[in-house]
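To start, the structure itself, in structure tokens.
The values are calculated or read from the model by the stated rules, or taken from the named source; none is laboratory data. Model, not experiment: these values are computed from the prediction. Neighbour counts run over all protein chains shown; Cβ positions are idealised from the backbone, glycine included. We work out accessible area using only protein heavy atoms, side chains counted, and drop any ligands, DNA or RNA first. Shrake-Rupley method; radii C 1.70, N 1.55, O 1.52, S 1.80 Å.
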Amino acid sequence: MSHAPSATAPPSAPPAETERAELMLVVPHPDDEVFGCGGLFSRMADAGKPVVTVTLTRGGAGRTLGLCTQAELAAVRERELRAALAVLGVPHAYVFDYPDFVPDGERGLAAHAGLREVPDEAVLPRLVTLFKRHRPRSVVTFPPNGANGHPDHVVTHAWVVRALACYSEATGEHPALYFFANERPYQGAVREGFLDAETIRRLHLPPTHLVEVGPYIENKLRAMAQHETQARSVLAFMRLYPRRLLVEAFHRARPSYPDEEGARTVTWLT
């Protein structure tokens, strides 16, 4: 598994055996990968389809649940992420160290706008470099509303769309672009600093593709369990979205997928 570059260092050199990625996931936080793609990743690993993940923060603004100090949390969450990806069979993981959103001082941290305060020019070239390195056939990230309005999710969406446009212009390659999707508009609470409820609903995109987790459910649950500091998030996910343990949903943005055909079940994204 590749070394995690810092926020200022260039990405680490690719392994000599680097091959074209079937899928690249770009998300802001550790644990986003397993909630959205745990079953898909397991299926693809079993079929020998290479996957690359890019995580933009180390999740240091999360809760510790008493398992470590707040200062230690970023390192702990990165270890949890890499352990989860090992379970899912993902060999190439890039973890950047940009700041994540801090809504208030409740956790002993100063409020911080997170990825919104990171200049575009600090991130876009790094993403384009990784697209050029791994030449993914498909890219997955958050939808325009961030799924739940989270500002880091929304910024990540915008960066991926722009970086892909730069990559396509430079190389002439056009990977398929998918967003995490919910089968119904977001119904959860909207927190301070997130998009407002009406905007979240207005920007909702329905699934075009469904991936059945099937026999890989045990693998997905084992990977979720690696995120020990996120136990509350795991339980909330199970309470609010139990179907997503078994069926992962995506909206294909490019090339566009005809709405009238509805979502279709696939083994992996095509």
query: What number goes with the only condition from (1) closer than 20 Å to Lys220 by Cβ; (2) open to solvent by less than 30 Å² (accessible area, probe 1.4 Å); (3) at pLDDT 95 or above that His92 does not pass?
result: (3)
field: Enumeration of residues in the stretch 163-198 that are modelled with pLDDT of 95 or more and under 16 Å from Tyr241 (Cα atoms)
entry: Phe180, Ala181
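Kindly establish whether Thr64 is among the polar types (S, T, N, Q) and either part of a loop (DSSP other than H, G, I, E, B) or surrounded by 20 or more Cβ atoms within 10 Å (Cβ to Cβ) (or both).
Considered against the rule, which asks whether it is among the polar types (S, T, N, Q) and either part of a loop (DSSP other than H, G, I, E, B) or surrounded by 20 or more Cβ atoms within 10 Å (Cβ to Cβ) (or both), Thr64 comes out as yes.
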task: Of the numbered conditions (1) modelled with pLDDT under 95; (2) under 29 Å from Glu121 (Cβ atoms); (3) β-branched (Val, Ile, Thr), Thr156 fails exactly one; give the number of that condition.
output: (1)
- request: Tell me which residues, restricted to the stretch 36-79, are of a type in the set (A, V, I, L, M, F, W, C), under 30 Å from Arg107 (Cα atoms) and either in contact (Cβ under 8 Å) with a residue 60 or more places away in the chain or in contact with a helix residue (DSSP H, G or I) (Cβ under 9 Å, 6 or more places away or on another chain) (or both).
  value: Cys37, Val54, Leu56, Ala61, Leu65, Leu67, Cys68, Leu73, Val76
field: Filtered residues of the stretch 75-86 (kept if open to solvent by 20 Å² or more (accessible area, probe 1.4 Å) and in contact with a Lys or Arg (Cβ under 8 Å, 6 or more places away or on another chain))
entry: Ala75, Glu78
- request: Output yes when any residue across the stretch 206-213 is out of contact with any strand residue (DSSP E or B) (no Cβ under 7 Å at 6 or more places or on another chain), at negative phi and not hydrophobic (A, V, I, L, M, F, W, C), and no when none is.
  value: no
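Residue-wise test of (1) hydrophobic (A, V, I, L, M, F, W, C); (2) farther than 26 Å from Arg58 by Cα.
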position	(1), (2)
Ala223	yes, no
Thr229	no, no
Ala236	yes, no
Pro258	no, yes
Trp268	yes, yes
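Is there a residue being buried (at least 20 other Cβ atoms within 10 Å of the Cβ), modelled with pLDDT of 95 or more, not in a helix (DSSP H, G or I) and not basic (Lys, Arg) anywhere in the stretch 105-120?
Within the stretch 105-120, not a single residue is buried (at least 20 other Cβ atoms within 10 Å of the Cβ), modelled with pLDDT of 95 or more, not in a helix (DSSP H, G or I) and not basic (Lys, Arg).
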- prompt: Has the stretch 36-52 got any residue that is open to solvent by less than 20 Å² (accessible area, probe 1.4 Å), within 17 Å of Glu228 (Cα to Cα) and out of contact with any Gly (no Cβ under 6 Å at 6 or more places or on another chain)?
  reply: yes
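Each row is one residue, and each column tells you yes or no for (1) assigned to a loop (DSSP other than H, G, I, E, B); (2) farther than 19 Å from Phe179 by Cβ; (3) modelled with pLDDT under 95.
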{"position": "Ser2", "(1), (2), (3)": "yes, yes, yes"}
{"position": "Ala7", "(1), (2), (3)": "yes, yes, yes"}
{"position": "Ser12", "(1), (2), (3)": "yes, yes, yes"}
{"position": "Pro15", "(1), (2), (3)": "yes, yes, yes"}
{"position": "Thr18", "(1), (2), (3)": "yes, yes, yes"}
{"position": "Gly39", "(1), (2), (3)": "no, no, no"}
{"position": "Ser42", "(1), (2), (3)": "no, yes, no"}
{"position": "Gly48", "(1), (2), (3)": "yes, yes, no"}
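Would you be able to say whether some residue in the stretch 58-78 is closer than 21 Å to His174 by Cα and at pLDDT 95 or above?
Initial filter on the stretch 58-78 (closer than 21 Å to His174 by Cα): none.
No, every residue in the stretch 58-78 fails to be closer than 21 Å to His174 by Cα and at pLDDT 95 or above.
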